[in-house]
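The values are calculated or read from the model by the stated rules, or taken from the named source; none is laboratory data. A quick note: this is a predicted structure, and the numbers were derived from the prediction, not measured. Glycine gets a Cβ as well: all are built from the backbone with ideal geometry, and neighbour counts include every protein chain shown. Note: accessible area is taken over every heavy atom of the protein model, side chains too, but ligands, DNA and RNA are not part of it. Shrake-Rupley method; radii C 1.70, N 1.55, O 1.52, S 1.80 Å.
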Amino acid sequence: MLKIPDHQVAGHKAGVGKLGPLIDDSGRFYKPLQGDERGSNEAAFYTSFSSNTKIPDHITRFFPKFYGTQLVKASDGSGMQPHLVLQDLTFNRVNPSVMDVKIGSRTWAPQVLEDYINKCLKKDRESSSIYLGFRLSGLQVFEDRESGFWKPGKAEVKSLSADEVRLFLKKYVSSNTSSALDSKPDCAFASIVYGGSTGILSQLLELKAWFEDQTIYHFYSCSILMIFEKELALSGKGPCAEIKLVDFAHVFEGKGVIDHNFLGGLCSLIKFISEILTTPEDCAADDLLEDVQKSHIYSENGSV
Ligand SMILES: O=P(O)(O)O[C@@H]1[C@@H](OP(=O)(O)O)[C@H](OP(=O)(O)O)[C@H](O)[C@H](OP(=O)(O)O)[C@H]1OP(=O)(O)O
Ligand SMILES: Nc1ncnc2c1ncn2[C@@H]1O[C@H](COP(=O)(O)OP(=O)(O)O)[C@@H](O)[C@H]1O
């Protein structure tokens with residue numbers, strides 16, 4: 001039995017009369033093939049990418065596993081429809097904090113129709129894309145079992161200014177996420193989620209090294225998903241932070257040219273995250289994680 005994903009933060013969503021992705025209980029994510037060239041383009045990308053022996057393993061790990069296409073009962077009630085069968089990236093994750101960052105100052109490929117360019121250009125201008133080279137498409141941040149997730153609305157997220165994007169990147173790794181907008185995020189989890197040898201910054205740098213060299217594909221309107229588990233961090237086991245690329249409906253052949261649009265956006269995102277790590281004085285407090293972990297352990301033991 002397929003169901004609507006609990007942790008989807010952006011994109012087309014399944015609902016009554018609405019076509020969107022579904023998941024099963026064995027770790028697969030079923031993304032409906034959009035009826036136009038976007039669907040065939042994304043399927044062609046996955047087919048090409050998953051059989052391309054030139055892609056090193058340390059890079060394929062940043063992409064969802066692809067299990068082919070399958071006819072399944074669509075969420076909008078339209079009957080059996082073709083879906084891409086992908087690895088469910090939040091499978092087995094407990095209360096994952098997820099952020100979708102759409103990379104590139106331009107979300108349209110040069111060869112597309114004028115009307116589509118205008119539609120995208122409007123969204124790129126009205127968001128941080130043109131200015132920063134990326135925009136936030138959606139996010140959810142787990143606070144605690146009582147409050148659940150902080151999940152700001154789509155319109156708010158897409159219209160954030162550069163300073164607000166910086167603030168949201170801090171809130172994503174803070175323990176005081178949804179407190180009043182004027183209170184400073186404490187960045188309590190920044191060093192273990194963004195930093196360290198296996199943290200998000202290190203993964204982004206690895207991806208960047210590949211983009212500095214690869215000329216096979218150009219990724220327009222593609223997103224980097226950042227995922228971690230706050231409760232794992234609090235338990236001292238490490239937050240299992242990872243990045244994954246999603247949405248390949250607008251990937252085109254690179255024809256021997258660097259994907260400077262994606263690479264520029266990626267460098268910009270890296271700079272924002274590096275600054276959060278290197279200027280902790282801009283966050284409410286330093287070395288907070290230990291205090292947060294202690295208070296969590298105390299409250300679990302019922303001592304406070
Ligand atoms: O269909 P729309 O107008 O809701 O636009 C989709 C976007 O929603 P938005 O309006 O920006 O909230 C949607 O954006 P998000 O993933 O929600 O950021 C996608 O960009 C989608 O593109 P794709 O072709 O599926 O890769 C977008 O589809 P197209 O622009 O390709 O039609
Ligand atoms: N393989 C996946 N596993 C889990 N969640 C996913 C996966 N792919 C996408 N998502 C979720 O769905 C959202 C939209 O995905 P995307 O491929 O961009 O769809 P769309 O083409 O409708 O924009 C992402 O922000 C993410 O939350």
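Some points to look at:
- With a 1.4 Å probe rolled over the protein heavy atoms of all chains, the accessible area of Thr278, Thr107 falls in the order Thr278, Thr107, largest first.
- Here the label points at Asp115 and Lys18, each 7 Å from Cα along the C-beta direction, are separated by 2.4 nm in the simple model.
- Relative packing of peptides 17-23, 29-35, 224-230, 173-179 - highest average C-beta neighbours within 10 Å first: 224-230, 173-179, 29-35, 17-23
- Alpha-carbon Rg with Dmax, taken over region 55-125, Å: 17.0, 43
- Region 22-87 - percent of accessible surface contributed by carbon and sulfur, probe 1.4 Å: 50
- Annotation: per residue accessible area for region 160-236 equals 33 Å², rounded to a whole number [probe 1.4 Å, protein chains only].
- 1.4 Å probe accessible area per residue over region 59-120, in Å²: 48
- Helix axis angle, 114-126 relative to the chain longest principal axis, alpha carbon, degrees: 10
- Gap separating the Cα centres of region 250-268 and region 3-63, nearest whole Å: 20
- The chain, helix-only ellipticity at 222 nm - DSSP H runs n ≥ 4, -39,500 (n - 2.57), divided by all residues, nearest 500: -10000 deg cm²/dmol
- Alpha carbon centroid spacing (whole Å) that separates region 138-183 from region 204-231: 22
- For region 176-266, with all protein chains in place and a probe radius of 1.4 Å, 56% of the accessible heavy-atom surface sits on carbon or sulfur.
- Take the Cα of Ser183, step 7 Å toward its Cβ, do the same at Glu37, and the gap between the two points is 5.0 nm.
- Check: region 226-266 dipole with +1 on Lys, Arg Cβ and -1 on Asp, Glu Cβ, in debye: 100
- Percent of alpha-carbon pairs separated by more than 26 Å within the chain: 47
- Sequence of Asp213, Asp144, Asp259 from largest to smallest accessible area, 1.4 Å probe: Asp213, Asp144, Asp259
- Three-way shape call for region 22-87 based on the alpha-carbon gyration tensor, with the a/c threshold at 1.5: oblate
- Distance in nm between pseudo-label sites at Arg125 and Lys237 (7 Å out along the Cβ direction from Cα): 4.9
- Between the amide H of Ser137 and those of Asp100, Val101, Lys102, distances stay under 5 Å, these residues lying 5 or more places away or on another chain, with hydrogens modeled in the peptide plane.
- Cα-Cα over 31 Å, subset of Lys184/Lys237; Lys13/Lys237; Lys122/Lys244; Lys54/Lys123; Lys119/Lys151: Lys13/Lys237; Lys54/Lys123
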